[in-house]
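Read the figures in this text as sums done on the coordinates, not as results from a lab. Just so it is clear, the structure is predicted and the values come from calculations on it, not from any experiment. Here the Cβ is made from the backbone with ideal geometry for all residues, glycine too, and neighbour counts use every protein chain on show.
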């Protein structure tokens, strides 16, 4: 390797209370410093491991995967008094894949079995899962350093020998640090003497908590916010005692330890030893038990053809061809078991009288899903595309989201746990981040900015926009920033902490199923409700090959289900939601008059105005509205309405008419971009999906490669080059706003169901609606009380105690 030092002790923003380094910025800085490798060792968790691994790999830096665990010298199972809450630090690095799996187990069991203020690992746990791991003595909060600071050298030496015995003579190192703290001088002297006496090698590290030296104040502000300090001047707030906790260059580290070149060089040796490769993209499909004598693929195919006549009594050649094509793609990509699992969950829900939504997202474009009853909207009738859901030419997993009544969602999760095993199923972590307004308000409080000015500035930042975007948009905000140095410093600090992970919680709908116990595959912890959740977020669990499903608890499903029940009880009428007439005059009359209070997605004033102007009289009018009523496409509402009422439509080319006719010549859907590429330029549907995504995400390099292919294909299909270029430009400008038609159609169906029930059974529907909303208000009040309890000042002080216990 080309330098004589590598950082082995690095915390990112996922050290949630005190880390301020974004992973991409840490890696970028390591590149600037020409570091050949970089470690990630967050406090007690592995949240950022997948993101870190991918980011390092992309830029050619070797990722060193690890964790600074919390270690207890007692048993991890002990609880009770303050002494059992004491948790010291120990740094672990994965030498290989065995070490990675063992680190997962140590971190998971520290959370699931040892959590008491902190996720604690003990000697027994380390002894069982030591293989493939390299350990170092960590910072001043380690048990060895604590003993040295208490002048208890025999205990320090005993602990060092214990760790060497656990991990092996070549796998344990004593860690020298120098952040200008007097305690470190005392500790370093003792560690150097101990190294010579016990023949335990030394290494040099910097305890990195932020990227650059100038980030120290932002990290200090973040620490004050996260521990509930009122201002930076609070005497008793937790703080770092120097500003040296940044990603230093090799030269800076050499200057700190001029007498220990071997300890610097040893970091390179450790980096070279660490060869852990993450198995990303390798499917870990759960096993679905099929009838004896059949493969998973054969059983899926049999189910589809058995149920095909229920959807299409006399299936056309088009239906058979589409079904066969989809089955071929699904089976070739190894997803037959996934579809069987989803089918089984839906079947169970219906057997228990649990309403299942008609579908959402791109899954509504899959004929296999429709035939199996997973979705309930005909993809052929509404021109929905399978490739938007699953592209055979791109590495992508199927993602079928299921809607259930919110009051019965837990029954579904309980069934999945029973079916596949408690240890095979978990919910998924998600991270709350500091949004722009919160970053401005919190940093303003901590920096003692005038509260009136803080309020004024925060209100100049539109919701969901970043501070940088707000500064671009607002002349008043930009003028304040540029004219007042104090405001500039404050807002620069707010920008530095904006978007950082602030807390971990349970994703409201994500569930993951493993083909073996999840602790063999991903790190785990407990959520706030005591249930097990993954430490990898939704994107990361999919990247490590796990099947992720979204079980959404929808209040509207509860309302619909309760209305159907009330109609049966009061009128003796059985409503078949799967076969509602989609041409009901009462429903369209009510929608055209804008009487949409309680109608799914269509309650807002703007929606009611749009419906009164549009006057829909068929389901095909409702489908585009879900895509149209969004920022960007909303600008086309006037022309959409005029053309619906007869204004002539002009197309750039006649071949666009069948593609854009249903949306009155207005581009709305991602699928329309795909059809244009397919029918005008001769792209295959998988190629068209790749083009649509490139346009939607403004991937300039890929668009530049595909542009000549599109133009050439269009010209070969009889489109003039001038018109082809106009179509390309319009597609490019539109694609970033384009919506998924499959999702529009599915949600339009839910909207229609609620509108139909309200129009035809208003008493029963509004009874269910008001009851569900009353329960929602009660739940919000209860959650509000819980949130107030959790975020009160005592909890903030408790957070400070937790930090002091660990540092």
So how tilted is helix 670-681 from the main axis of the chain? Cα-based, degrees 0 to 90, rounded to 10.
70
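At 0.36 nm per residue, and after removing the present C-alpha to C-alpha distance, how many nm does the segment from residue 196 to residue 613 gain when stretched out fully? Kindly include the intermediate steps, with their values, before the conclusion.
Details: separation 417, 0.36 × 417 = 150.12 nm, distance 8.50 nm.
That pair, residue 196 and residue 613, stretches by 141.6 nm at full extension.
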Inverse mean reciprocal Cα-Cα distance (Kirkwood Rh) of the chain, Å:
29.8
Find how much the distance from residue 763 to residue 484 grows on full extension, using 0.36 nm per residue of separation minus their present alpha carbon separation; answer in nm with one decimal.
94.4 nm
Antiparallel versus total DSSP beta bridges in the range 64-194: what percent is that, nearest 5?
75
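Mind ranking 602-612, 667-677 by how tightly packed they are, going by the mean number of other C-beta atoms within 10 angstrom, highest first? Spell out each step's value before the answer.
On the way: 602-612: 15.6, 667-677: 26.2.
Listed from highest to lowest mean packing, they are 667-677, 602-612.
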Over all pairs of distinct alpha carbons, what does the Kirkwood formula give as the hydrodynamic radius of the range 557-759, in Å?
18.6
Considering every pair of different Cα atoms, what Kirkwood radius, in Å, is found for the range 254-383?
18.3
Sorted from largest down, what three extents in whole angstroms do the Cα atoms of the range 142-252 have along their principal axes?
46, 32, 24
If the label point sits 7 Å along Cα→Cβ of residue 516, residues of the range 99-130 with amide N under 15 Å come out as 99-105
Order 141-150, 765-774 from most to least packed using the mean count of other Cβ atoms within 10 Å.
141-150, 765-774
State the extension gain, in nm to one decimal, for the chain segment bounded by residue 605 and residue 306, taking 0.36 nm per residue of separation less the distance between their alpha-carbons.
103.0 nm
Compute the acute angle (0 to 90°) between the alpha-carbon long axis of helix 261-273 and the principal axis of greatest extent of the alpha-carbon atoms of the chain; round to the nearest 10°.
30
Cut-off 17 Å (backbone N to label point 7 Å along Cα→Cβ of residue 649), residues of the range 731-765:
731, 739, 741, 745
For Cα pairs less than 8 Å apart in space and 6+ apart in sequence, what is the mean separation divided by the residue count of the chain, i.e. the relative contact order in percent?
13
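For 741, 333, which order do you get if you count the other beta carbons within 10 Å of each Cβ and list the fewest first?
Working: 741 31, 333 17.
Neighbour counts put them in this order, fewest first: 333, 741.
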Rounded to the nearest 10 degrees, what's the angle between the helix 555-571 long axis and the longest principal axis of the chain, both from Cα atoms, 0 to 90?
40
Check: C-alpha center the range 76-132 vs C-alpha center the range 194-256, spacing in Å is 23
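Mean residue ellipticity at 222 nm from the helices of the chain, using -39,500 (n - 2.57) per DSSP H segment of n ≥ 4 over the full residue count, to the nearest 500 deg cm²/dmol?
Calculated at 222 nm, the ellipticity per residue is -16000 deg cm²/dmol.
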Does the range 65-180 come out rounded, prolate or oblate, given a ≥ b ≥ c as the square roots of the eigenvalues of its C-alpha gyration tensor, rounded meaning a/c under 1.5 and, failing that, prolate meaning a/b above b/c?
oblate
Ranked from highest to lowest mean number of other Cβ atoms within 10 Å per residue, what is the order of the peptides 617-630, 526-539?
617-630, 526-539
